[in-house]
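Structure first, commentary second.
The values are calculated or read from the model by the stated rules, or taken from the named source; none is laboratory data. Since this is a predicted model, take the numbers as computed values, not measurements. Here the Cβ positions follow ideal geometry from the backbone for every residue, glycine too, while neighbour counts run over all protein chains shown.
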Amino acid sequence: MKILTCLFLSFLFVHAHAQNKMYAAFSVPAELKKNAHSVIRDELIEFEVRSTDKAFYNVHKVITILDEAGKNELLFYEFSDKFQSLEDVSIELLDGLGISKRKYSKSDLTKQATGEGLVPDGKVYYITIPSNNFPLTLIVDYKIKYNGLLNYRNYQVQLPAQAVENSTFIAKIPADLDLRYKPRNTTIAPVISTDGKFKTYTWSVKNLPALEIEEGTADGRSYFPHVLLAPNKFELDGYEGDMSTWKSFGYWYGSLTRATANLSDERKLFFQSLVKNSTDDREKAKIIYKYLQDNFRYVSIQLGIGGFKPFDADFVDKKKYGDCKALSNYTQACLSAVGIKSYQALIYRYDNQEPLDPEFSRSSFNHAIVCIPMAKDSIWLECTSTTNDFAVLGSSTENRNALLITEDGGKLVATPRSKASENTFSSNAVVVLQDEGSGTANVSLHTTGEYRQDFIQYILNETKDEQKKFIVNRMGFIHPDEFEIKYEKTNRDVPATLTLKLEKIPEFSTGAKMFLSPRIYKFWKYALPKAENRTQDFYFAHPFVKTDTTVYILPEGFVPETLPKARNLKFEYGSFNTTYHYNEKQRTVTTTARLVLNEHKIPVAKFLETKKFFNTVLEEYTEKIIIKRL
């Protein structure tokens, strides 16, 4: 009997092994492993729309993770609220041979509320499958039920460094509703069929090799093959809408906000009194914006209809908080109280995004800002920031299309592009050098725009240890033994001061000579990625102007032996200039540098030239001021 039992168990093991052998890592075709960290072995996504507010989304995916660089695929994450619910989840982990190691269900997922505790209906379900042994395979099945529709999920064909063996996306929709689609970075077309009252779109791909990640592109995922999908008619929480045009979608959003700009008469009088000494609309808007920055805080609310319908202005006024929509709506109400017309503008907030497609309307927004039309130029306000300069948006919302919500519906308008002169970093340092190589540095720093935002974020209200990390790792200063920072948040015209005590200032010393770097911090420290075979445009974080003046006060008895040669370099999008000067009477070596980047988006055809320019900027820091003892 024991022998029969052992034989039976052996049969089950072999059978199970055989069942999953097709998903063993060694069965991935060699051509699909090249440049890949993961491979989609088999994928079937079915999106079935029943009506304007009812749909089901079913996913079956088998994915082999080849190495640790693909371990992000071990995370399963889905959002759920009253409009979309995660109905079922099944995840099976297979080892490299395709043998099942463990199974997970919905009950194994961690559930966490979202919305900062201010709203009750949102949560996320997530799990990171624990495993450090690669390769491995996951079999993932899950189902989502929609009880309100605004967006249709896109078909993301593949992700960076991911190959695809077999994938199919099916969209089934009532023929009278239909859908709109647009392929991006791919030429695949759907097979379209009609069965009774339903229309079915089927996209299929096979044996797609992995595409290499190119550092410095815009949103990396958007540059990989995908198909955008969008509804014509939709319904969310009983609010019916039309998304076939930007105008109609903007009209729907505007209908949610019209009754929410409800400031009390008392508060309207308060704002009128606040700006009573100003007759200029720009100055009035600036006063109200400062009041907002000084008295209100941002909270994140992105759930259900709350993701679109803002809190009432009266609620925000009393609670002194709100999300981007609520704060923007509140700002509009305050401006209206003093006779200034403004509009909310929906936008996708993320660094270096491409502008929205004017020909394909869809809800792809995650943020709201305010636009004040003026006679010569519009004023744009980032209402969630307590540190942004007035009328300056910043890199996460600049240079793209925003949907202006007007009385006549939505209008796509371009947000301003920041200028180099708006993002400045100016340093003036006096370094007192001792004859054994130690010394002190007193640095005056003046920053604007994005540099100021960084400085405030990583310096103010941070611990001493975090401040030191920022000074050394982000700003590139020599590691100080002691330091002190003074910075006035409220007075932007007063430079910050940084006092450093340094045990070793020279890069190295030998005999009677010291070898000093041009500055005590790396003026530019980033090597641009390789230029060979690049196919995408490159993005810097923003345009900028960086200037530096460093004065080395030499120890008595020391003179310079060698000073680097001055540089005067230009390329299509910027320039780099340096000078070096020795004052014998004052015993000082003064260095200056100015680096300008006028455009943050570099066309791929100009990237090699740009890389060579910044390589030269990097090389300049390796040159040395050589001083010697007489």
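A few comments on the model shown:
- Every residue from the range 298-330 that is outside any helix (DSSP H, G or I) and modelled with pLDDT of 90 or more: Lys320
- Strands (runs of 3 or more DSSP E) wholly inside the range 140-247 that include at least 2 residues being of a type in the set (Ser, Thr, Tyr) and in contact (Cβ under 8 Å) with a residue 60 or more places away in the chain: 162-174
- Any hit, the range 605-623, residues being polar (S, T, N, Q), in a loop (DSSP other than H, G, I, E, B) and modelled with pLDDT of 95 or more: no
- Taken residue by residue, the range 542-551 has no member that is surrounded by 14 or more Cβ atoms within 10 Å (Cβ to Cβ), assigned by TED's automatic domain parsing to the domain that holds Ile478 and more than 23 Å from Ser426 (Cα to Cα).
- Failed condition for Glu48, given (1) in contact (Cβ under 8 Å) with a residue 60 or more places away in the chain; (2) acidic (Asp, Glu); (3) surrounded by fewer than 19 Cβ atoms within 10 Å (Cβ to Cβ); (4) over 17 Å from Lys145 (Cβ atoms): (4)
- Test: residue in the range 440-457 that is of a type outside the set (Lys, Arg), buried (at least 17 other Cβ atoms within 10 Å of the Cβ), at pLDDT below 90 and at positive phi: yes
- Flag for Asp237 being among the charged types (D, E, K, R) and under 23 Å from Gly322 (Cβ atoms): yes
For every residue, the table says whether it meets (1) among the polar types (S, T, N, Q); (2) in the same structural domain as Val604 (by TED's automatic domain parsing); (3) crowded, with 17+ Cβ neighbours inside 10 Å.
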| site | (1), (2), (3) |
| --- | --- |
| Asp176 | no, no, no |
| Leu211 | no, no, yes |
| Gly216 | no, no, yes |
| Val227 | no, no, yes |
| Asn232 | yes, no, yes |
| Phe249 | no, no, yes |
| Trp252 | no, no, yes |
| Ser255 | yes, no, no |
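- Strands (runs of 3 or more DSSP E) contained entirely in the range 444-533, each with at least 1 residues that are in contact with an Asp or Glu (Cβ under 7 Å, 6 or more places away or on another chain) and assigned by TED's automatic domain parsing to the domain that holds Phe558: 496-502, 513-516
- Of the residues making up the range 376-409, just one is basic (Lys, Arg) and either buried (at least 18 other Cβ atoms within 10 Å of the Cβ) or closer than 15 Å to Phe365 by Cα (or both), namely Arg400.
- Every residue from the range 565-586 that is assigned to a loop (DSSP other than H, G, I, E, B) and surrounded by 17 or more Cβ atoms within 10 Å (Cβ to Cβ): Tyr573
- Subset of the range 115-136 that is among the hydroxyl-bearing types (Ser, Thr, Tyr) and out of contact with any Lys or Arg (no Cβ under 7 Å at 6 or more places or on another chain) - its residue that is modelled with the lowest pLDDT: Ser131
- Of all residues making up the range 416-439, the number that are modelled with pLDDT under 90 and crowded, with 17+ Cβ neighbours inside 10 Å: 2
- Top-ranked residue of the range 594-611 - restricted to ones that are of a type in the set (A, V, I, L, M) and closer than 24 Å to Phe425 by Cα, ranked as nearest to the chain's Cα centre (by Cα): Ile602
- Residues that are out of contact with any Gly (no Cβ under 9 Å at 6 or more places or on another chain) and within 23 Å of Pro543 (Cβ to Cβ), drawn from the range 385-407: Thr387, Phe390, Ala391, Leu393, Ser396, Thr397, Glu398, Asn399, Arg400, Asn401, Ala402
- Within the range 11-102, strands (runs of 3 or more DSSP E) holding 1 or more residues that are touching a helix residue (DSSP H, G or I) at 6+ places or on another chain (Cβ under 7 Å), at pLDDT 95 or above and within 22 Å of Asn133 (Cβ to Cβ): 38-51, 54-65, 84-94
- Among (1) of a type in the set (Lys, Arg); (2) under 28 Å from the mean Cα position of the chain (by Cα); (3) at pLDDT below 95, the one test that Lys247 misses: (3)
- Of all the residues in the range 317-334, those that are surrounded by fewer than 24 Cβ atoms within 10 Å (Cβ to Cβ) and touching a helix residue (DSSP H, G or I) at 6+ places or on another chain (Cβ under 7 Å) number 3.
- When Lys276 is tested against the conditions (1) in a loop (DSSP other than H, G, I, E, B); (2) among the charged types (D, E, K, R); (3) in contact (Cβ under 8 Å) with a residue 12 or more places away in the chain, the lone failure is (3).
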